[in-house]
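As structure tokens, the structure follows; a few thoughts come after it.
The values are calculated or read from the model by the stated rules, or taken from the named source; none is laboratory data. Quick caveat, the model's predicted, so the values are computed rather than measured. Because the Cβ atoms are built from the backbone with ideal geometry, glycine has one as well, and the counts that use them run over all protein chains shown.
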Amino acid sequence: MMAVQTIPAVSGEIRRDEPMSRHTSWRVGGPAELFYKPASLDDLSLFFSTLDEDVPVFWFGLGSNLLVRDGGLPGVVIAASGIFTELEKTGDQAVHVGGSVPCTQLARQCIRWGLGPSEFFAGIPGLVGGALAMNAGAHGGETWERVTSVRTIDRHGQVHDRGKDEYSISYRQVDGPQDEWFVSADLHFDPQVSPSMATLKEMLARRKDTQPLGQLSCGSVFRNPPGDHAARLIEAAGLKEFRIGDAEVSAKHANFIINRGQASALDIESLIAHVQRTVLHTHDVELRPEVHIVGKQLQ
């Protein structure tokens, strides 16, 4: 049991048994045992400082790269998208950005400031905090190429300022101190690179033309294997429009799985596993999910 009774009077919203289907871009997922939207960093620190050590904590952003199973999430879900929204230029080539700033907003503002390369952030469908957590990238750029330092909060409510050298960074993976979440980051851009609003608009137009935007999806489901593209492998395996229940491999982009309206999380997870098995059998390539799969199966 969670020691919810010991939590002090903090600002923000606390809800019990909150359906995660209301918050994920796939519109699936069972309930969060406790769902907390803090009003400030101080409130979040106070909340964490009173939480029992054995209570699971899940940090939630936009839900755009997430599959929550139908049995839901035990413990506490922290939804901090309403705070950590600062975005300021702190030097000639330096920017301080909160973890809850949308990556597209970061891209547009950096272009206005003349800072590049920054256009690629517009291709990341989520918040800066999530981009930091997985080293998200698009159009040849990756988040941690721009990072100089980060601020985090741990599950005891302590805030840490950490350098880039405290993390091990690779393709779509970031390893660092455990049980900490990104509050903000300091970024540095290249004085030799001039960004282009026209390039950003071209990227967004290409994304609109090649991806099933406006449909219920999580973005790219699988990481690209070395030297190849997951979408090409899936399409070559004949899996476009393959369905399990109301979950379907997109006809427009094979690395997207669409919820046609009534899919369950189990339908989507089963389709992910089917795609992996088929691509392994057809191409002898093991696809690794880019989407995070969390929570419990229904009993």
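Of all residues in region 14-40, those satisfying the criterion of being surrounded by fewer than 20 Cβ atoms within 10 Å (Cβ to Cβ) and part of a loop (DSSP other than H, G, I, E, B) are 25, 27, 39, 40. Scanning region 277-299 for residues that are over 21 Å from the mean Cα position of the chain (by Cα) and either under 20 Å from residue 230 (Cβ atoms) or modelled with pLDDT of 95 or more (or both) turns up 277, 278, 279, 280, 281, 282, 283, 284, 285, 286.
Within the span defined as region 255-267, one or more residues are of a type in the set (D, E, K, R) and buried (at least 20 other Cβ atoms within 10 Å of the Cβ).
On the stretch given as region 176-196, residues that are in contact with a Ser or Thr (Cβ under 6 Å, 6 or more places away or on another chain) and part of a loop (DSSP other than H, G, I, E, B) total 1. Among the residues of region 92-110, those identified as surrounded by 22 or more Cβ atoms within 10 Å (Cβ to Cβ) and in a helix (DSSP H, G or I) are 103, 106, 107, 110. Every listed requirement among (1) modelled with pLDDT under 95; (2) surrounded by 19 or more Cβ atoms within 10 Å (Cβ to Cβ); (3) touching a strand residue (DSSP E or B) at 6+ places or on another chain (Cβ under 7 Å) is met by residue 234 save one, (1).
Residues in region 48-100 that are in contact with a strand residue (DSSP E or B) (Cβ under 6 Å, 6 or more places away or on another chain) and free of Cβ contacts under 8 Å to residues at least 12 places away in the same chain: 88 only.
Among the residues of region 127-151, those identified as within 20 Å of residue 178 (Cβ to Cβ) and more than 16 Å from the chain's Cα centre (by Cα) are 147, 149, 150, 151.
Report, by residue number, each residue of region 153-175 that is part of a loop (DSSP other than H, G, I, E, B), modelled with pLDDT of 95 or more and within 22 Å of residue 290 (Cα to Cα). Within region 153-175, just 167 meets the criteria. Condition check: touching a helix residue (DSSP H, G or I) at 6+ places or on another chain (Cβ under 7 Å) and either among the polar types (S, T, N, Q) or not assigned by TED's automatic domain parsing to the domain that holds residue 229 (or both). Does residue 139 satisfy that? Spelling it out, residue 139 is indeed touching a helix residue (DSSP H, G or I) at 6+ places or on another chain (Cβ under 7 Å) and either among the polar types (S, T, N, Q) or not assigned by TED's automatic domain parsing to the domain that holds residue 229 (or both). All but one of (1) part of a loop (DSSP other than H, G, I, E, B); (2) surrounded by fewer than 12 Cβ atoms within 10 Å (Cβ to Cβ) hold for residue 205, so report the exception by its number. The failed condition is (1).
Entry remark, region 132-185: residues being touching a Pro at 6+ places or on another chain (Cβ under 9 Å) and of a type in the set (Asp, Glu) number 3 in total. The single condition among (1) assigned to a strand (DSSP E or B); (2) closer than 23 Å to residue 151 by Cα; (3) free of Cβ contacts under 8 Å to residues at least 60 places away in the same chain; (4) touching a Gly at 6+ places or on another chain (Cβ under 9 Å) that residue 43 does not meet is (1).
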